[in-house]
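Remarks on the structure that follows.
None of the figures in this text is laboratory data; all of them are computed from the coordinates on show. For clarity, every value in this text was computed on a predicted model and none was experimentally measured. Methodologically, a virtual Cβ is constructed for each residue, glycine included, from the backbone with ideal geometry; neighbour enumeration extends over all protein chains shown.
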Amino acid sequence: MARNEFHKDAFVILKKVAKEIADEQLTNDQKVIDNVLFFAIGIEKLLKSIIYDINPLFILETPDFKNSVPLLYDTLIKDKSEINKNPNGDVIAFHSSVMRTITFSKAALENKNTLMKLKNARDIIVHHNFNNLDVSELKTLLQRDFYPLLSAFSDEHNLGGQTNFFNNLHSKLARISSTLQDDIQKQISLKIEASSSHWNTLKGTHTFDRKKCEHKTAEMLSKEIAFPFECPSCNNYGVVFTSPVLEFDSYRNEMRQTGSETKAFKCYFCDLEVTDYKELDYLKVKPDPSKKQEIISLYNQLEEINSLTDSHST
Ligand SMILES: [Zn+2]
């Protein structure tokens with residue numbers, strides 16, 4: 001069987017990025033953009049290496065027998081007449097690599113929004129104009145998120161990150177990242193504190209209308225792209241807005257949804273709103289499709305009970 005060569009490529013590329021970050025070489029926009037592109041390529045190869053280790057066929061776009069046998073077991077083939085002369089060795093795209101890796105990797109699951117941020121930045125770099133990029137945000141993505149993201153992958157999958165990802169510059173990288181990590185933790189704590197105290201004041205006022213918040217939440221949850229998530233600030237259910245991740249299915253010759261990307265969280269009780277990828281990952285915001293109907297009927301039902309009680313009391 002062909003060897004998994006994806007690790008090796010990922011290490012070469014990511015080491016180069018590590019050195020640029022540690023040596024504080026991100027001094028202009030172009031250097032940031034170049035390094036984000038290498039970061040994205042390195043991560044994509046890393047994700048493929050993880051999937052490949054589970055089963056090499058999982059990285060193929062069309063892993064049917066005629067394509068997979070010549071790619072993986074070429075030396076074992078005795079009769080080539082029944083297999084593909086030009087095997088389709090196309091591998092899956094970045095977003096599919098993310099979707100497939102989260103099945104097997106906690107590091108990928110817990111950093112899904114960061115990975116999708118990187119994927120979206122890569123798409124803009126490759127397909128659109130550089131002026132569509134928020135370069136200062138991308139600089140933070142390199143300085144703050146490169147080190148903990150790869151540390152998580154290295155720890156979980158025993159990849160020897162210290163040498164293989166960080167080029168033995170881990171203490172420098174950790175220092176650069178930790179200052180910015182502190183900032184994001186502070187930023188999130190302040191945000192949660194603000195909406196908690198807003199909620200505590202609000203729910204005590206006579207004019208506060210709980211039914212209205214429940215109704216609004218149920219109404220938003222009825223949208224196809226919306227799912228419930230317990231609000232980290234007030235513990236009511238808020239709404240996670242997603243966008244579908246689509247992949248071309250060559251068997252059915254059509255686009256098909258392979259996953260979803262979290263875009264934002266909004267609570268209609270305490271008004272907490274989170275759209276930043278890092279904040280979404282930090283708060284572990286995750287759409288919960290299994291609770292969707294339950295929460296919609298809970299918030300609608302309560303309204304009915306309340307209105308019944310209201311009509312009895314009048
Ligand atoms: Zn809330």
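General remarks:
- Taking other C-beta atoms within 10 angstrom as a stand-in for reagent exposure, Asp53, Asp34 fall in the order Asp53, Asp34, fewest first.
- A simple charge model with +1 on the Cβ of Lys and Arg, -1 on the Cβ of Asp and Glu and nothing else charged puts the dipole of segment 93-250 at about 280 debye relative to its Cα centre.
- Candidates Ser136, Ser195, Ser233: whichever shows maximal mean-square fluctuation once the chain is modelled as a Gaussian network with Cα springs under 10 Å: Ser136
- Think of the chain as a dipole: +1 on every Lys or Arg Cβ, -1 on every Asp or Glu Cβ, centred on the Cα centre; then among Asn111, Leu190, Ile225, Asn111 lies furthest on the positive end.
- Close amide H contacts of Glu261 (hydrogens built in the peptide plane, cut-off under 5 Å, sequence separation of 5 or more or a different chain): Ser243, Val245.
- Taking other C-beta atoms within 10 Å as the exposure proxy, Glu279, Glu156 rank Glu156, Glu279 from fewest upward.
- For Tyr237, the amide hydrogen comes within under 5 Å of the amide hydrogens of Cys231, counting only partners 5 or more places away or on other chains and with H modelled in the peptide plane.
- Between Lys48, Lys19, Lys211, the GNM of the chain built on Cα springs shorter than 10 angstrom shows Lys211 fluctuating the most.
- Candidate membrane-span-like segments in the chain, meaning DSSP H helices with Cα atoms spread over at least 15 Å of their own axis and a Kyte-Doolittle mean of -0.5 or above, are 6-22, 29-54, 94-104, 112-127, 146-157, with no membrane implied.
- MRE, 222 nm, helices only [DSSP H, n ≥ 4, -39500 (n - 2.57), over the chain, to nearest 500]: -18500 deg cm²/dmol
- Convex hull of alpha carbon positions in the chain: directionally averaged projected area 20.6 nm².
- Whole-number percent relative contact order across the chain, with pairs defined as alpha carbons under 8 Å at least 6 apart: 16 percent
- Global geometry of segment 1-120, whether rounded, prolate or oblate, following the gyration tensor of its Cα atoms and the 1.5 cut on a/c: prolate
- Measuring spread by the Cα atoms of segment 187-313 yields a radius of gyration and Dmax of 17.2, 62 Å.
- Cα gyration tensor shape for segment 213-273, rounded if a/c is under 1.5, else prolate or oblate: prolate
- Residues Asp123, Asp79, Asp155 in ascending order of nearby Cβ atoms (within 10 Å, fewest first): Asp79, Asp155, Asp123.
- Label-point separation, Asp90 to Leu109 (7 Å along Cα→Cβ), nm: 3.1 nm
- For segment 78-91, the Karplus equation 6.51 cos²θ - 1.76 cosθ + 1.60, evaluated at θ = phi - 60°, returns couplings of 9, 10, 8, 5, 9, 10, 5, 6, 10, x, 7, x, 4, 9 Hz by residue, with Gly and Pro reported as x.
- Considering only Thr101, Thr217, Thr205, the mean-square fluctuation computed in a Gaussian network model of the chain, springs between alpha carbons under 10 angstrom, is largest for Thr205.
- Alpha carbon centroid spacing (whole Å) that separates segment 9-38 from segment 78-96: 33 Å
- Label point 7 Å beyond Cα of Asp53 along Cβ direction - residues of segment 1-24 with amide nitrogen under 18 Å: 2-15
- For segment 6-168, averaging the sequence separation of C-alpha pairs within contact (under 8 Å, six or more residues apart) and dividing by the residue count gives a relative contact order of 29 percent.
- Full extension of the chain between Lys291 and Ser81 gives 70.4 nm of extra length, using 0.36 nm per residue less the Cα-Cα distance.
- Counted by Cβ distance under 14 Å from Gly89, the other residues give a net charge of -2, where Lys and Arg count +1 and Asp and Glu count -1.
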